Amino acid sequence: MNPKYRKTVIAGNWKMNLLPSQLKDYADALKGLLGKEHPCEVALCVPALMAVPLLRHLRGSRVSLGAQDVSAEASGAFTGEISAAQLKDAGVKYVIVGHSERRALHGETDELIGRKLRRVLEAGMTPILCVGETLPQREAGAEKEIVRAQLKLALGDRDAAAMRNVPIAYEPGWAIGTGRTASPAQAQDMCREIRGAIREKYDARTARAVTVQYGGSMNPANAAELLAQPDVDGGLIGGASLDPGKFYQIVETAKL
Ligand code: PEP
């Protein structure tokens with residue numbers, strides 16, 4: 001982390017877990033633990049159905065609301081989709097785009113992810129752009145090439161000013177939901193690579209300002225070492241964010 005130059009962002013990704021009837025207990029527990037001040041930006045990316053009630057339950061806290069996906073279209077006849085304008089109007093601040101589960105299970109391409117990213121920025125929200133290699137790609141030694149290509153295609157012609165408002169989450173597919181975590185050295189190596197790619201595409205100032213998170217089985221036991229890496233500016237946390245106590249403990253490690 002380097003809070004002098006960039007925001008540390010700890011974001012939970014609930015995926016398709018928890019129920020609307022559990023929101024109040026979750027929010028009360030997290031608010032009680034966090035209090036009014038926390039050392040970094042904290043967000044919860046929840047199923048769209050739960051966004052509005054969760055925001056109500058989070059009132060009085062500084063926890064931001066996030067969504068897990070968005071349509072690449074503006075509005076209209078797209079049954080089942082949710083637009084960026086709808087998310088913005090509901091009070092959503094962060095939107096995950098390009099999560100590895102969307103890429104692998106829903107066939108999302110870098111081109112589609114780039115269109116979603118643009119919608120989120122145009123609506124005045126903050127996209128969290130996920131990039132990362134699969135296990136076969138890492139075994140073939142292609143992880144850096146893959147992540148650089150994902151960044152290039154998804155960022156397209158976004159300018160440097162827009163880019164400073166795009167946290168990037170490095171999420172190796174082999175570490176997501178598997179209990180297998182990248183070592184702090186692997187996470188640092190890839191987050192530094194991502195910052196290097198931003199420097200080459202834009203400039204040193206933009207690269208220094210961009211938040212690069214790590215995601216992949218981060219938990220209270222491994223968070224401190226991961227977040228202590230100079231280029232790891234936070235986490236995207238799946239499983240451990242389902243428990244407000246564990247999520248709080250990860251936020252607390254961002255104090256280091
Ligand atoms: C994720 O969903 O982005 C994630 C990192 O999940 P987990 O922490 O469960 O690996």
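The values are calculated or read from the model by the stated rules, or taken from the named source; none is laboratory data. Just so we're clear, the structure is a prediction, and the values are computed from it rather than from any experiment. Here the Cβ is made from the backbone with ideal geometry for all residues, glycine too, and neighbour counts use every protein chain on show. Just so you know, the surface numbers come from the protein's heavy atoms only, side chains and all, with ligands and any DNA or RNA stripped out. Shrake-Rupley method; radii C 1.70, N 1.55, O 1.52, S 1.80 Å.
Consider Arg103 carefully, then state whether it is within 13 Å of the ligand (Cβ to nearest atom) and either touching a helix residue (DSSP H, G or I) at 6+ places or on another chain (Cβ under 6 Å) or open to solvent by 20 Å² or more (accessible area, probe 1.4 Å) (or both). Even if it seems obvious, please write down each step before you answer.
Numbers: within 13 Å of the ligand (Cβ to nearest atom): yes; either touching a helix residue (DSSP H, G or I) at 6+ places or on another chain (Cβ under 6 Å) or open to solvent by 20 Å² or more (accessible area, probe 1.4 Å) (or both): yes.
Yes, satisfied.
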Reported set for the range 161-193 where residues are at pLDDT below 95 and of a type in the set (A, V, I, L, M) is Ala161, Ala162, Met163, Ala175, Ile176, Ala182
Conditions first: (1) within 16 Å of the ligand (Cβ to nearest atom); (2) in a loop (DSSP other than H, G, I, E, B); (3) surrounded by 13 or more Cβ atoms within 10 Å (Cβ to Cβ); (4) not small (Gly, Ala, Ser). Met16 passes all but one, so which condition is the exception? (3)
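Would you list the helices (runs of 4 or more DSSP H) that sit entirely within the range 190-256 and hold 3 or more residues that are within 16 Å of the ligand (Cβ to nearest atom) and either surrounded by fewer than 19 Cβ atoms within 10 Å (Cβ to Cβ) or more than 14 Å from the chain's Cα centre (by Cα) (or both)?
Numbers: elements: 204-209, 223-227, 244-253.
Those helices (runs of 4 or more DSSP H) span 223-227, 244-253.
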Scan the range 48-67 and tell me whether some residue there is within 30 Å of Asp25 (Cα to Cα), in contact (Cβ under 8 Å) with a residue 40 or more places away in the chain and of a type in the set (S, T, N, Q). no
Taking the range 127-146, which residues are open to solvent by less than 50 Å² (accessible area, probe 1.4 Å) and in a loop (DSSP other than H, G, I, E, B)? Gly132, Glu133, Ala142
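Among the residues of the range 14-30, are any closer than 19 Å to Ala169 by Cβ and polar (S, T, N, Q)?
Taking the range 14-30 as the starting set, the residues that turn out to be closer than 19 Å to Ala169 by Cβ are 14-17.
Filter once more, keeping what is polar (S, T, N, Q): 17.
Yes; the residues of the range 14-30 include at least one that is closer than 19 Å to Ala169 by Cβ and polar (S, T, N, Q).
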Are any of the residues in the range 151-166 out of contact with any strand residue (DSSP E or B) (no Cβ under 7 Å at 6 or more places or on another chain) and within 16 Å of the ligand (Cβ to nearest atom)? no
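In this structure, is Ser21 more than 20 Å from Phe247 (Cβ to Cβ) and either in contact with a His (Cβ under 7 Å, 6 or more places away or on another chain) or of a type in the set (Ser, Thr, Tyr) (or both)?
Values: more than 20 Å from Phe247 (Cβ to Cβ): no; either in contact with a His (Cβ under 7 Å, 6 or more places away or on another chain) or of a type in the set (Ser, Thr, Tyr) (or both): yes.
In short, no.
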Based on what the data block shows, is Ile128 touching a residue at least 60 places away in the same chain (Cβ under 8 Å) and either closer than 15 Å to Gly173 by Cβ or aliphatic (A, V, I, L, M) (or both)? yes
